1. Once amide H atoms are placed 1.01 Å from N in the peptide plane, what residues at a sequence separation of 5 or more from G126, or on another chain, have their amide H within under 5 Å of its amide H?
2. Over the chain, how many pairs of lysines fall under 23 Å by alpha carbon, counting only those 8 or more apart in sequence or from different chains?
3. Consider the candidate values (i) 46; (ii) 50; (iii) 39; state which one is percent of Cα pairs over 23 Å apart computed from the structure displayed.
4. Need one number: nm distance between label points at E6 and V122, each 7 Å from Cα along Cα→Cβ, rounded to one decimal.
5. Express the relative contact order of the stretch 37-158 as a whole percentage, based on alpha carbon pairs under 8 Å and six or more residues apart in sequence.
6. Looking at the stretch 37-113, which chymotrypsin sites (Phe, Trp or Tyr not before Pro) are DSSP coil and have at most 14 other C-beta atoms within 10 Å of their C-beta?
7. Quick check on the chain: helices-only [θ] at 222 nm, where DSSP H runs of length 4 and up contribute -39,500 (n - 2.57) each and the sum goes over total residues. Nearest 500, please.
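Throughout, read-outs are computed from the coordinates displayed, never taken from laboratory work. Treat the numbers as computed from the prediction; the structure is a model and nothing was measured. Cβ placement follows ideal geometry from the backbone for every residue including glycine, while neighbour counts extend to all protein chains displayed.
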Amino acid sequence: MPLQGESTLKILESLAKFCSILSGALLTFITLMTCYSLIGRNTTGQTIVGDFELTGVATGAAIALFMPLCQLKKANIIVDFFTAKASETTIVQLDRLGALFMAAAFALLAWRTCLGGMNAWVSQSGSMMLGFPEWIVYAAMTPPLALSAAIALAQAFLGDKFTSSEGASA
């Protein structure tokens, strides 16, 4: 029978990987669209209207979608200069505290992104050229930010018991 932490890890890890696959697909689409637009602009003089807007929108969503896997693998920037001579126990406790701070930061980002999305929905704001609804971007960013907060919170409370099945790789 798996431990509670193990089943939680499996669910969070699967969701994080799913988010990163979506992000990769989104970035692939952006790249292909940009290439098509540039080739068209330089050969036939035709381009995709609003390609710059779509690139910005998709890139924002892609960054948020990569965050859960980044947090799961503990691939954030770590400055260990001050802890170089600290004991392993101290480092583990500081890592757990850092994960708690990351959980708070991600939760704050998810909350404010959700509020921003609701505001964009009410105001029906959109991009300049295409009128692309801004709330869609907020809606795409909120779940992965909330997932990142959940992963960081699990890391803070479970500590070394909460590690990715593939190990940390930064």
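1. Distant-sequence amide H within range of G126: E134.
2. 9
3. (ii)
4. Inter-label distance under the simple model: 4.8 nm.
5. Working: 121 pairs, mean separation 44.5, N = 122.
Averaging sequence separation for qualifying contacts and normalising by length gives 37 percent for the stretch 37-158.
6. Numbers: sites: F52, F66, F81, F82, F101, F106, W111; in loops: F81, F82.
Answer in residue order: F81, F82.
7. Numbers: 4 runs with 123 residues, N = 170.
Per the formula, -26000 deg cm²/dmol.
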